[in-house]
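Heads up, the thing below is written out as structure tokens.
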Amino acid sequence: MSPDCSGVPHPPGRLSRRQVVRWSALAAAALPLGMAARPRPAHAADQTPESYQRAFAEAVAADKTVRRHTVAGREFLYRPRQLLVARQDLARVTARLRALGHQVTEGSGFAGVGRLLFARETEIPSVVSQLRDPKQWPGQPVPQVQPHHVLVGFGNIMGNPGAPPRAAAALPAPDPARLGEGAGVTVGVCDTGIWASAGTAHPQWLGGSYLPEPDDIDPLYVSAGLLALQGGHGTFVAGLVRQAAPGVRFDPEAALNATGVGDEESLVAAVGRLDPQVSVVNLSLGYFTQDDQPPLPLVNLLAGLPRRVAVVAAAGNAGSARPAWPAASPRVLAVAAVAEGPDGLLPADYSGHGPWVDACAVGDRVSTYVDGELRLPGQPGLLFAGFAAWAGTSFATAHVSGRLAALMTSTGLDAEAARAALVAGARWHPDYGVLVG
């Protein structure tokens, strides 16, 4: 999915084929895959992934603003009573729906896409299938329609392969020799937001590296001291970006709630709030779509971004080759996860994979986290004091975003040119892309 850069003029901003190869090698060798070398405290044997998954399933089932499409192999989450329609198709789709007996009104659109609201509960996926049938539109182009997809439309939460975070010892301070890596680069982290105390609790890792703003705060807790299922995910991701490039700045924006749920509208809004200085956008989140079609709001969002901005997104934790979005977009650097095995690195069994994946990195990492307790069904509470270990493509993605920023600093390339250099090497595995250390 990276562009062919042969014959392109020299930097700044663009690179020749020889420079692609040289800087790709530099990117691959720049940092050891050292996360696994850190001692990690063992988590309780009774803390099973099943309890974490059950808690998430219960939270989604209780959310009246989320519906599940449950056809095997075609699952996705969506907002009830909402249909998204390309602007040019809005009038004729509205007329057709009313002719079919549906009561619909036009709601507020976003990302260049219109929104129709149904007066009654409606099986939206069935409506979409009907409207996508060419037989419904003799002599006319088929309209572009879709559900309003919910982010985190995977069988497990985006930040992990099904297990909760684990308490971990504090990280050592950043290596002073690496403080120039990523300097002058700002990474946008669209996630759950940032812990209100992140800068003061983690002064060496997060303090002074972002501008605290009220609308960026991760609510974290369901009640006093009790963490929501994904509370702190954005703080964990931000710490990983800084570990991979200790000199980088980041801009946290909330695209997900503390349970780990958002939608296409919240994603578009979060990207729209990013500081104009952002040159790398980290999206440790994602979703499946109806019929695996590219989602209209995302297509429009990406088309509107300056070419100098690189987008890095997680391939998902469903262990599937099914395309996950935004990662599957050709405009996005898709990141899968690998894991430490007894004989070296192996594909992580939970990781999304396929020819649409551009890069991979170790997914099990230790990072900055939050204070609080996580309680799961039938399990003793998990206590956290600012640091945690967690695994998933979310965290491989954050590492790649940081290494991309570091490559920009070391080469003087803009983000898109550095992205091309980063993925220009040989694929570690056909379905996992280039290995980023």
| message | Could you check region 217-239 and list, in sequence order, the residues that are within 23 Å of Ala59 (Cα to Cα) and outside any loop (DSSP other than H, G, I, E, B)? | response | Ile217, Tyr221, Val222, Ser223, Leu226, Leu227, His233, Gly234, Thr235, Phe236, Val237
| task | Only residues that are surrounded by fewer than 19 Cβ atoms within 10 Å (Cβ to Cβ), touching a residue at least 60 places away in the same chain (Cβ under 8 Å) and among the charged types (D, E, K, R): list them for region 75-92, please. | result | Glu75
| field | Breaking point among (1) under 20 Å from Gly363 (Cα atoms); (2) modelled with pLDDT of 95 or more; (3) aliphatic (A, V, I, L, M), for Ala201 | value | (1)
| How do the strands (runs of 3 or more DSSP E) wholly within region 107-211 filter down when requiring 1 or more residues that are of a type in the set (Ser, Thr, Tyr) and either assigned by TED's automatic domain parsing to the domain that holds Ala418 or within 30 Å of Val299 (Cβ to Cβ) (or both): which remain? | 186-191
| If you check every pair at least six apart or on different chains, which have Cβ atoms under 6 Å apart with a residue in region 414-426 that is charged (D, E, K, R) first and a residue that is crowded, with 23+ Cβ neighbours inside 10 Å second? | Glu416/Ala310; Arg419/Ala310; Arg419/Leu333
| request: Can you give me the number of residues within region 349-401 that are aliphatic (A, V, I, L, M), within 26 Å of Leu333 (Cα to Cα) and modelled with pLDDT under 95? | output: 1
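Just the residues that are hydroxyl-bearing (Ser, Thr, Tyr) and touching a residue at least 12 places away in the same chain (Cβ under 8 Å), please, taken from region 179-237. Walk me through how you get there before you give the answer.
We begin by selecting, within region 179-237, every residue hydroxyl-bearing (Ser, Thr, Tyr); these are 186, 192, 197, 200, 209-210, 221, 223, 235.
Answer for region 179-237, where residues must be hydroxyl-bearing (Ser, Thr, Tyr) and touching a residue at least 12 places away in the same chain (Cβ under 8 Å): Thr186, Thr192, Ser197, Ser209, Tyr210, Tyr221, Thr235.
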| request: For Leu226, work out the one condition from (1) surrounded by fewer than 17 Cβ atoms within 10 Å (Cβ to Cβ); (2) more than 19 Å from Gly386 (Cα to Cα); (3) hydrophobic (A, V, I, L, M, F, W, C) it doesn't fulfil. | output: (2)
| message | Go through region 345-365 and report how many residues are in a strand (DSSP E or B), within 23 Å of Ser51 (Cα to Cα) and more than 18 Å from the chain's Cα centre (by Cα). | response | 0
| Which pairs have Cβ atoms under 9 Å, sit 6 or more apart or on different chains, and link a residue in region 318-335 that is in the same structural domain as Gly162 (by TED's automatic domain parsing) and surrounded by fewer than 19 Cβ atoms within 10 Å (Cβ to Cβ) to one that is acidic (Asp, Glu) and in a loop (DSSP other than H, G, I, E, B)? | Gly319/Asp349; Ala321/Asp431
| Which condition number does Thr65 fail, the rest of (1) among the β-branched types (Val, Ile, Thr); (2) within 22 Å of the chain's Cα centre (by Cα); (3) assigned to a helix (DSSP H, G or I) being met? | (3)
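Is it the case, given these coordinates, that Ala72 is part of a loop (DSSP other than H, G, I, E, B), without any contact (Cβ under 8 Å) to a residue 24 or more places away in the chain and farther than 26 Å from Gln103 by Cβ?
yes
The values are calculated or read from the model by the stated rules, or taken from the named source; none is laboratory data. Source: prediction; values computed, not measured. Using ideal geometry, Cβ is built from the backbone for each residue, glycine included, and neighbour counts are taken over all protein chains shown.
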